[in-house]
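A short write-up of the structure that comes next.
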Amino acid sequence: MLTFSFAYDAVQDRIWLRLNEQDEVIWLTRRLTVFLLTMAADRFAQAAGGGLDGLVKKDQAVELEHEIAVTENDDQQKGTPVQMGESQLDPEVKSRGVLCERITMSSNANGVQLQLKVNGDEKRFINLSRAGFHRMLRALLLVANRVKWDLPAVPVWLSRAYLPAALQGVVDSAINGVEPEDLRDDAGAPPLDKPDHKPPSGDEGQA
(Lines give C-alpha, C1' and ligand atoms only; values in the text may rest on other atoms or scores of the structure.)
Protein backbone atom coordinates (compact mmCIF):
# COMPACT_ATOMS: atom_id res chain seq x y z
CA MET A 1 0.00 0.00 0.00
CA LEU A 2 1.40 3.40 -1.00
CA THR A 3 0.57 6.45 1.10
CA PHE A 4 1.58 10.04 0.55
CA SER A 5 1.45 13.32 2.40
CA PHE A 6 2.08 16.96 1.49
CA ALA A 7 2.76 20.16 3.41
CA TYR A 8 4.29 23.57 2.77
CA ASP A 9 7.56 24.71 4.32
CA ALA A 10 7.91 28.50 4.54
CA VAL A 11 11.68 28.46 4.97
CA GLN A 12 12.23 26.44 1.81
CA ASP A 13 9.23 28.06 0.10
CA ARG A 14 8.49 24.62 -1.28
CA ILE A 15 5.99 21.84 -0.77
CA TRP A 16 7.31 18.57 0.53
CA LEU A 17 6.10 15.16 -0.53
CA ARG A 18 6.59 12.20 1.75
CA LEU A 19 5.92 8.64 0.61
CA ASN A 20 4.98 5.81 2.96
CA GLU A 21 6.08 7.83 6.02
CA GLN A 22 9.70 7.22 5.01
CA ASP A 23 12.58 9.28 6.33
CA GLU A 24 13.02 10.93 2.94
CA VAL A 25 11.02 13.88 1.72
CA ILE A 26 10.98 15.23 -1.81
CA TRP A 27 10.81 18.99 -2.28
CA LEU A 28 8.49 20.30 -4.99
CA THR A 29 9.08 23.79 -6.38
CA ARG A 30 6.33 26.15 -7.47
CA ARG A 31 7.12 25.37 -11.11
CA LEU A 32 6.67 21.62 -10.68
CA THR A 33 3.57 22.12 -8.55
CA VAL A 34 2.07 24.20 -11.35
CA PHE A 35 3.05 21.52 -13.89
CA LEU A 36 1.21 18.82 -11.95
CA LEU A 37 -1.90 20.94 -11.36
CA THR A 38 -2.21 22.21 -14.95
CA MET A 39 -0.42 20.44 -17.81
CA ALA A 40 -0.28 17.01 -16.15
CA ALA A 41 -3.90 17.30 -14.96
CA ASP A 42 -5.07 18.25 -18.47
CA ARG A 43 -3.33 15.27 -20.07
CA PHE A 44 -4.66 12.99 -17.35
CA ALA A 45 -8.22 14.18 -18.05
CA GLN A 46 -7.99 13.16 -21.70
CA ALA A 47 -8.01 9.48 -20.73
CA ALA A 48 -11.03 9.75 -18.42
CA GLY A 49 -14.29 7.95 -19.06
CA GLY A 50 -13.33 4.30 -19.10
CA GLY A 51 -16.59 2.35 -18.86
CA LEU A 52 -18.68 5.51 -19.19
CA ASP A 53 -18.84 5.73 -22.99
CA GLY A 54 -22.32 6.72 -24.06
CA LEU A 55 -23.41 7.48 -20.50
CA VAL A 56 -21.87 10.93 -20.01
CA LYS A 57 -20.22 13.52 -22.21
CA LYS A 58 -16.45 13.33 -22.48
CA ASP A 59 -15.91 16.57 -20.54
CA GLN A 60 -18.19 15.32 -17.76
CA ALA A 61 -16.39 12.01 -17.34
CA VAL A 62 -13.36 13.45 -15.56
CA GLU A 63 -15.59 15.52 -13.24
CA LEU A 64 -17.53 12.42 -12.22
CA GLU A 65 -14.36 10.40 -11.84
CA HIS A 66 -12.77 13.10 -9.68
CA GLU A 67 -15.78 13.59 -7.43
CA ILE A 68 -16.05 9.88 -6.70
CA ALA A 69 -12.30 9.57 -6.06
CA VAL A 70 -12.01 12.44 -3.56
CA THR A 71 -15.26 12.02 -1.64
CA GLU A 72 -15.61 8.28 -1.15
CA ASN A 73 -13.53 5.93 0.95
CA ASP A 74 -12.08 2.79 -0.51
CA ASP A 75 -13.70 -0.28 1.08
CA GLN A 76 -10.26 -1.72 1.74
CA GLN A 77 -8.73 1.50 3.09
CA LYS A 78 -9.20 2.64 6.67
CA GLY A 79 -9.36 6.40 7.16
CA THR A 80 -9.78 9.34 4.85
CA PRO A 81 -9.19 9.47 1.07
CA VAL A 82 -6.14 11.77 1.35
CA GLN A 83 -3.47 12.37 3.93
CA MET A 84 -2.22 15.87 4.67
CA GLY A 85 1.11 15.93 6.45
CA GLU A 86 2.04 18.06 9.43
CA SER A 87 3.69 21.34 8.44
CA GLN A 88 6.68 20.81 10.78
CA LEU A 89 9.21 18.12 9.91
CA ASP A 90 11.84 16.60 12.13
CA PRO A 91 15.03 18.59 11.35
CA GLU A 92 16.88 15.36 10.63
CA VAL A 93 14.28 14.26 8.09
CA LYS A 94 14.27 17.71 6.54
CA SER A 95 18.05 17.70 6.17
CA ARG A 96 17.81 14.54 4.08
CA GLY A 97 15.23 16.04 1.76
CA VAL A 98 15.97 15.89 -1.96
CA LEU A 99 14.97 18.48 -4.53
CA CYS A 100 12.83 17.23 -7.39
CA GLU A 101 14.34 18.56 -10.61
CA ARG A 102 11.97 17.08 -13.16
CA ILE A 103 8.71 15.13 -13.29
CA THR A 104 7.74 12.92 -16.20
CA MET A 105 4.16 11.64 -16.28
CA SER A 106 2.77 8.80 -18.35
CA SER A 107 -0.96 8.10 -18.24
CA ASN A 108 -3.69 6.01 -19.81
CA ALA A 109 -7.14 4.67 -18.92
CA ASN A 110 -5.64 2.37 -16.26
CA GLY A 111 -3.53 4.76 -14.26
CA VAL A 112 -0.52 7.01 -14.01
CA GLN A 113 3.20 6.66 -13.53
CA LEU A 114 5.23 9.57 -12.19
CA GLN A 115 8.99 9.58 -12.61
CA LEU A 116 10.69 12.07 -10.31
CA LYS A 117 14.29 12.99 -11.09
CA VAL A 118 16.30 13.93 -8.01
CA ASN A 119 19.98 14.36 -7.19
CA GLY A 120 21.14 14.39 -10.78
CA ASP A 121 20.54 10.92 -12.20
CA GLU A 122 18.54 9.39 -9.35
CA LYS A 123 14.86 8.63 -9.92
CA ARG A 124 11.83 7.90 -7.80
CA PHE A 125 8.84 6.14 -9.35
CA ILE A 126 5.23 6.47 -8.21
CA ASN A 127 2.59 4.20 -9.75
CA LEU A 128 -1.03 5.20 -9.13
CA SER A 129 -4.50 4.15 -10.13
CA ARG A 130 -6.62 6.90 -11.69
CA ALA A 131 -8.43 7.36 -8.38
CA GLY A 132 -5.08 7.58 -6.61
CA PHE A 133 -3.84 10.34 -8.91
CA HIS A 134 -7.12 12.26 -8.52
CA ARG A 135 -6.61 12.19 -4.75
CA MET A 136 -2.97 13.14 -5.03
CA LEU A 137 -3.81 16.16 -7.20
CA ARG A 138 -6.54 17.20 -4.79
CA ALA A 139 -4.25 16.96 -1.76
CA LEU A 140 -1.55 18.96 -3.54
CA LEU A 141 -4.06 21.63 -4.60
CA LEU A 142 -5.40 22.00 -1.06
CA VAL A 143 -1.92 22.82 0.19
CA ALA A 144 -0.89 24.96 -2.81
CA ASN A 145 -4.02 27.11 -2.52
CA ARG A 146 -2.94 28.25 0.96
CA VAL A 147 0.48 29.37 -0.29
CA LYS A 148 1.01 32.85 -1.72
CA TRP A 149 2.34 31.60 -5.06
CA ASP A 150 -0.15 33.35 -7.35
CA LEU A 151 -0.96 30.07 -9.07
CA PRO A 152 -2.51 30.02 -12.56
CA ALA A 153 -6.00 28.65 -13.05
CA VAL A 154 -6.29 24.89 -12.70
CA PRO A 155 -8.84 22.74 -14.57
CA VAL A 156 -12.40 23.38 -13.44
CA TRP A 157 -12.97 19.77 -12.42
CA LEU A 158 -9.96 19.94 -10.09
CA SER A 159 -11.00 23.22 -8.46
CA ARG A 160 -14.56 22.24 -7.56
CA ALA A 161 -15.35 22.07 -3.84
CA TYR A 162 -15.73 18.33 -3.34
CA LEU A 163 -14.05 18.20 0.07
CA PRO A 164 -16.19 16.43 2.67
CA ALA A 165 -16.54 18.25 5.98
CA ALA A 166 -14.74 15.39 7.75
CA LEU A 167 -11.53 16.28 5.92
CA GLN A 168 -11.45 19.98 6.79
CA GLY A 169 -9.67 19.34 10.08
CA VAL A 170 -6.99 17.37 8.26
CA VAL A 171 -6.46 20.24 5.83
CA ASP A 172 -6.26 22.80 8.64
CA SER A 173 -3.77 20.68 10.55
CA ALA A 174 -1.50 20.52 7.50
CA ILE A 175 -1.43 24.31 7.22
CA ASN A 176 -1.39 25.26 10.90
CA GLY A 177 0.80 22.48 12.26
CA VAL A 178 -1.99 21.14 14.51
CA GLU A 179 -2.75 17.43 14.52
CA PRO A 180 -6.33 16.58 15.58
CA GLU A 181 -6.10 13.49 17.83
CA ASP A 182 -9.24 11.97 16.32
CA LEU A 183 -7.83 12.08 12.80
CA ARG A 184 -4.11 11.48 13.20
CA ASP A 185 -4.11 7.74 13.85
CA ASP A 186 -6.24 6.65 10.92
CA ALA A 187 -5.89 9.48 8.41
CA GLY A 188 -4.36 7.72 5.43
CA ALA A 189 -4.13 8.03 1.69
CA PRO A 190 -5.88 5.43 -0.45
CA PRO A 191 -4.05 2.43 -1.83
CA LEU A 192 -2.57 3.50 -5.12
CA ASP A 193 -2.68 0.60 -7.51
CA LYS A 194 0.03 -0.04 -10.05
CA PRO A 195 -1.36 0.33 -13.59
CA ASP A 196 -1.96 -2.96 -15.40
CA HIS A 197 -0.03 -1.79 -18.43
CA LYS A 198 2.88 0.54 -18.86
CA PRO A 199 1.35 3.90 -19.84
CA PRO A 200 2.28 4.83 -23.41
CA SER A 201 2.05 8.62 -23.43
CA GLY A 202 4.02 11.17 -21.46
CA ASP A 203 4.37 14.74 -20.32
CA GLU A 204 7.27 16.34 -18.59
CA GLY A 205 7.93 19.28 -16.31
CA GLN A 206 11.11 20.43 -14.65
CA ALA A 207 12.16 22.81 -11.90
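The test for being surrounded by fewer than 19 Cβ atoms within 10 Å (Cβ to Cβ) and at pLDDT 90 or above holds for GLU101.
Residue count for region 119-137, restricted to those that are under 19 Å from TYR8 (Cα atoms) and either in contact with an Asp or Glu (Cβ under 7 Å, 6 or more places away or on another chain) or open to solvent by less than 10 Å² (accessible area, probe 1.4 Å) (or both): 1.
Of the candidates LEU167, LEU116, LEU140, the single residue that is modelled with pLDDT under 90, open to solvent by less than 30 Å² (accessible area, probe 1.4 Å) and at negative phi is LEU167.
Say whether the condition of being open to solvent by less than 10 Å² (accessible area, probe 1.4 Å), modelled with pLDDT of 85 or more and assigned to a strand (DSSP E or B) is met by at least one residue in region 60-76. Checking region 60-76: not a single residue is open to solvent by less than 10 Å² (accessible area, probe 1.4 Å), modelled with pLDDT of 85 or more and assigned to a strand (DSSP E or B).
The values are calculated or read from the model by the stated rules, or taken from the named source; none is laboratory data. Here the structure is a predicted model, which means the values were calculated and not measured. Here Cβ is always computed from backbone atoms with ideal geometry, including for glycine, and neighbour counts include all displayed protein chains. Protein only, heavy atoms only, side chains kept; ligands, DNA and RNA dropped before computing areas. Shrake-Rupley method; radii C 1.70, N 1.55, O 1.52, S 1.80 Å.
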